[in-house]
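S.K.: Just passing along the structure, written as structure tokens.
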């Protein structure tokens, strides 16, 4: 959508803009208006519209001066001047400020919409250029992230010398050297049943980086993968300083996440180490603590030495001698986990199960039944087709040949991987029912002039911008295009099957301005409502 702002004190002009245009149907957002140049300039800087319509004859600051000021502050804004005459001097000044169009009074809805049609493509192209610029900047950022990830891989492999690690880190602006290190793994995810737009997720990530850097410095090694999992290498001069900074970081992160009630988080920190060649151990212990999110309540940040103090209070691997508790771990992983986290979950799941347990056929059978109870319950809860019995047969057949933790891990990993794939497939099409609900709402309310993207998004309990994105992806057209199509189809039915006046039909399908309805009808059907009715009566149109 493009944002439109009006600067005018002419009542006729204002009436056209405020009462005669369905801005949403034109894929525009009417960002506001002002009656004099000074107020307009202040509002424009706040709203940052894509298009400015300004009357030349404005009080305090005239339209030409307003256009010049706006062009200087917001050079991408398209400016349309509105005036009574087409003087040569007006044209010269319009050229000087880079105006895109000139509307002569009296302004009609048709002339306004024609001007919008002309500007919309240009404004959208400008937005696309800005988005491309952002994508290029993101690519540069992603490239740096990949280099940091490669550095981390180097640090975690055996055999790399401290000197080589220092050289690679320096190229990325990261200073290793002497000190005490700890890894922190942190993940933020949307709470089940909640909807969060992309902008919110980006703001969280930006804030997360800022919070970590404000305590541990700008050179903190960090990277993020596709599952929204952050890895930070925290460094301090001494162990006491590292502990104190870690404590402050935990508090700051908790405070930060309180501002996002639709999101859950979990953090896991490893043991502190003093030598670079011990970073592998530091990372492994962080992974071990982070894996506890499958057994713990969300919205916690646990550190290895602290976590060990309350193992008895948590459902942890050490308690897996009570085998029925393994079902809870499986259920939690199927809700919270991802394919790339499967290995770490299996490490966590099997790390403290006595090897002797797998030599007992009865225990293996018990575990297999318990696991399938958890998986089938998950399938049922999420409406997943459970007819794929071959995986149940594979598991039950192969469980008889399991005699070790490694064999059990392989079989369980196959079943969990397939379940995650089914979950993700369903997730990819989970919006089908949501879109059907939205379509039903439109069918029942299209005749109301108050129906909008916001009201429909509210009816399906979604953020409007997120709903707009989902709707366009699922339907292939924008919500506004869909609503207009529904209204136009109903209008065609009424034109053919009733004797209602065109003005009455306009009101019946949701337009309070018959002139604007006629304009849209002609735009979508290449003929006027009157011509459509006449042609159908004569059998011209199929």
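S.K.: Filter region 387-421 down to the residues that are surrounded by 12 or more Cβ atoms within 10 Å (Cβ to Cβ) and modelled with pLDDT under 75 and list them by number.
M.R.: 388, 391, 392, 394, 395, 396, 398, 399, 402, 403, 405
S.K.: Then there is this: State whether the residues of region 296-312 include one that is under 28 Å from the mean Cα position of the chain (by Cα), in a helix (DSSP H, G or I), within 18 Å of residue 341 (Cα to Cα) and modelled with pLDDT under 85.
M.R.: Checked region 296-312: no residue is under 28 Å from the mean Cα position of the chain (by Cα), in a helix (DSSP H, G or I), within 18 Å of residue 341 (Cα to Cα) and modelled with pLDDT under 85.
S.K.: Say we look at region 209-230 and pick out the residues that are at pLDDT 85 or above and in contact with a helix residue (DSSP H, G or I) (Cβ under 7 Å, 6 or more places away or on another chain); which of these is farthest from residue 280 (Cα to Cα)?
M.R.: So, considering only residues that are at pLDDT 85 or above and in contact with a helix residue (DSSP H, G or I) (Cβ under 7 Å, 6 or more places away or on another chain), the one farthest from residue 280 (Cα to Cα) is 211.
S.K.: Additional query: Report every pair of residues separated by at least 6 positions or lying on different chains whose Cβ atoms are under 7 Å apart, first residue within region 229-250 and buried (at least 17 other Cβ atoms within 10 Å of the Cβ), second part of a loop (DSSP other than H, G, I, E, B).
M.R.: Once the first residue is buried (at least 17 other Cβ atoms within 10 Å of the Cβ) and sits in region 229-250, its partners that are part of a loop (DSSP other than H, G, I, E, B) give 232/220; 233/220; 234/220; 235/179; 236/179; 242/272.
S.K.: Can I ask one more? Taking residue 45 as the residue in question, decide whether it is within 13 Å of residue 99 (Cα to Cα) and touching a helix residue (DSSP H, G or I) at 6+ places or on another chain (Cβ under 8 Å).
M.R.: no
S.K.: OK, next. Please tell me if residue 100 is at pLDDT below 80 and under 30 Å from residue 467 (Cβ atoms).
M.R.: Against the criterion (at pLDDT below 80 and under 30 Å from residue 467 (Cβ atoms)), residue 100 does not qualify.
S.K.: Could you list, in sequence order, all residues of region 259-286 that are under 22 Å from residue 189 (Cα atoms) and touching a strand residue (DSSP E or B) at 6+ places or on another chain (Cβ under 7 Å)?
M.R.: Passing the criteria: 262, 263, 264, 265, 266, 267, 268, 269, 270, 283, 286.
S.K.: Moving on to the next point. If residue 20 passes every condition in (1) under 30 Å from residue 477 (Cβ atoms); (2) surrounded by 19 or more Cβ atoms within 10 Å (Cβ to Cβ) but one, which one does it miss?
M.R.: All conditions are met except number (2).
S.K.: So, one more: When you go through (1) surrounded by fewer than 19 Cβ atoms within 10 Å (Cβ to Cβ); (2) under 35 Å from the mean Cα position of the chain (by Cα); (3) closer than 30 Å to residue 517 by Cβ one by one for residue 73, which number turns out not to apply?
M.R.: Single failed check for residue 73: (3).
S.K.: Among the residues of region 257-264, are any farther than 17 Å from residue 176 by Cβ and in contact with a helix residue (DSSP H, G or I) (Cβ under 7 Å, 6 or more places away or on another chain)?
M.R.: yes
To keep it simple, each residue is scored yes or no on (1) more than 22 Å from the chain's Cα centre (by Cα); (2) assigned to a strand (DSSP E or B); (3) over 18 Å from residue 177 (Cβ atoms).
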{"site": "210", "(1), (2), (3)": "no, no, yes"}
{"site": "240", "(1), (2), (3)": "yes, no, yes"}
{"site": "243", "(1), (2), (3)": "yes, no, yes"}
{"site": "252", "(1), (2), (3)": "yes, no, yes"}
{"site": "279", "(1), (2), (3)": "yes, no, no"}
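S.K.: Another question, if that's okay. Going by what's in this entry, would residue 282 be described as buried (at least 20 other Cβ atoms within 10 Å of the Cβ), assigned by TED's automatic domain parsing to the domain that holds residue 209 and either farther than 30 Å from residue 368 by Cβ or at pLDDT below 85 (or both)?
M.R.: Spelling it out, residue 282 is indeed buried (at least 20 other Cβ atoms within 10 Å of the Cβ), assigned by TED's automatic domain parsing to the domain that holds residue 209 and either farther than 30 Å from residue 368 by Cβ or at pLDDT below 85 (or both).
S.K.: Take the residues in region 1-41 that are under 28 Å from the mean Cα position of the chain (by Cα) and over 20 Å from residue 446 (Cα atoms), then tell me which one is modelled with the highest pLDDT.
M.R.: 5
The values are calculated or read from the model by the stated rules, or taken from the named source; none is laboratory data. Since this is a predicted model, take the numbers as computed values, not measurements. Glycine gets a Cβ as well: all are built from the backbone with ideal geometry, and neighbour counts include every protein chain shown.
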